[in-house]
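All of the numbers you see were taken from the coordinates with simple rules; none came from a lab. A quick note: this is a predicted structure, and the numbers were derived from the prediction, not measured. Note that each Cβ is placed from the backbone with ideal geometry, even for glycine, and that neighbours are counted across all protein chains shown.
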Amino acid sequence: MIFSHDIPDGAKLYFGKKAKIKREIEHIASEVFENEEYEEIVSPYFSYHQLEALNEKELIRFTDKENRTLALRGDSSIDIIRIVLKRLKSEAKKWFYIQPVFRAPSTEINQIGAEYLEGDLVEVLNTNLNIFKRLNKHYPLIISHIQIPQIVCELTDLSLDDIKHMRVYKFKEKWLKELVKIDNKDINLKLFPKEIAKHLKEMIELAKKTNYDIILAPLYVANLKYYTGIFYRFINNNEIIAKGGEYKVEGIKSSGFSIYTDNLLKDIDG
C-alpha cells in the first residue's frame, strides 16, 4: 500500500537544518567556482545521449513523441560539453553545475560539478580541493588510470572482472603482483611492462603536482565509460565524496569532477 505521504525509495527530501546546510555547501562551491572564473550551466533533465556515459540498466528510460529513446539525466558531463560545443558555441571553457542526476529504478543523486574544456586535470583537482578547504574537510584522495586494467587484460589471461574483484590467486606475473602493492608515488617503473610504466608515470607526475597526500590504485576499475586517462576519487567511510578525471567529447580532451552532495552532507551533518 502506498500512503499519501510516501516518497519513492531513493528520492531525496531536505528540510530544516539539513536543507540549510545543503544550501550553504552549494553557496560555498558557487563562490569558489566564480572566483576561478567558471560559468554556471543548468542542463536539461532529459537526454538522448546517456548511453555514452552509463550502462543501459542504470538509466531511467522512455520515449519521446516521435518514439525516440531518451533518459532522465544519469550523468551531467557528456551533455554539458555537447551543449556548450554544439548549441551555445560559447568561448568559455570552464563550466560548473549544481543539479541532480537519476539512476534506475528511482535514485536521485545531488551533485556539484565542473567541466573544463581542454583543461588540465591538476587545475580541476585543485578546484575540487579548494571547495573542500572552504568546508574544512580533508578526505583520502585515490588516483587511478582507466587504461591500466585494460592493458593488464591484454598482457595476461585475466578479465576486467578478475581485476575488479581482485582475484589475486589468478595473478601469476611478478610485475602484476608488484602492481597490486603500489599505494604511493615511490615506484620503480623498471619493474613493469613499458605499456603500464608509461601510465604509472602519468599518475606519479600528477601526485607530485598536487600538494596533498595521495594513494595510488592503478588496478581500480571504473564504472563510468567515458574516462580516457587518469581519474580520482575522494573517499569517506567507503562512500565516494567526489570523483573526477580526464575524458574526450567530440574529440576534445577535457577534465571534470563531481561532488556527491548527499554523501558530503551526511559527513557534515551526521
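Table for the structure above
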{"read-out": "Cβ crowding within 10 Å averaged over residues, with 178-189, 140-151 ranked highest first", "value": "140-151, 178-189"}
{"read-out": "Relative contact order, percent, the stretch 78-168 [alpha-carbon distance under 8 Å, six or more residues apart]", "value": "16"}
{"read-out": "Shape category assigned to the stretch 1-142 from the gyration tensor of Cα positions, a/c cut at 1.5", "value": "oblate"}
{"read-out": "Relative contact order %, the chain, counting alpha carbon pairs below 8 Å whose residues are six or more apart", "value": "22"}
{"read-out": "For residue 102, net neighbour charge (Lys/Arg +1, Asp/Glu -1) across residues whose Cβ lies under 12 Å away", "value": "+1"}
{"read-out": "Extension gain, residue 37 back to residue 55 (0.36 nm per residue minus Cα-Cα distance, nm)", "value": "3.2 nm"}
{"read-out": "Structure-based [θ]222 nm, the chain - -39500 (n - 2.57) summed over DSSP H runs of at least 4, per residue, nearest 500", "value": "-9500 deg cm²/dmol"}
{"read-out": "Cross-link table 57/181; 185/225; 57/86; 20/208; 201/225, entries beyond 32 Å C-alpha to C-alpha", "value": "57/181; 20/208"}
{"read-out": "Correct option for Cα extents along the principal axes in Å [calculated from the coordinates] among (i) 51, 48, 39; (ii) 60, 44, 43; (iii) 103, 45, 32", "value": "(ii)"}
{"read-out": "Sequence of 246, 37 once ranked by neighbouring C-beta atoms within 10 Å, starting from the fewest", "value": "37, 246"}
{"read-out": "Residue among 222, 32, 45 farthest towards the positive dipole end of the chain, charges placed on Cβ", "value": "222"}
{"read-out": "Radius 14 Å from Cβ of residue 265, net charge of other residues (Lys, Arg +1; Asp, Glu -1)", "value": "+1"}
{"read-out": "Using alpha-carbon coordinates, inclination of helix 194-209 to the longest axis of the chain, degrees", "value": "60"}
{"read-out": "Angle in degrees between helix 16-35 and the longest Cα principal axis of the chain, rounded to the nearest 10", "value": "60"}
{"read-out": "Per-residue Cβ neighbour rank within 10 angstrom, fewest leading, 95, 175", "value": "175, 95"}
{"read-out": "Amide proton proximity set for residue 249, modelled H, under 5 Å, gap of 5+", "value": "254"}
{"read-out": "Least to most buried among 134, 82, 23, 73 (fewest other Cβ within 10 Å first)", "value": "23, 134, 82, 73"}
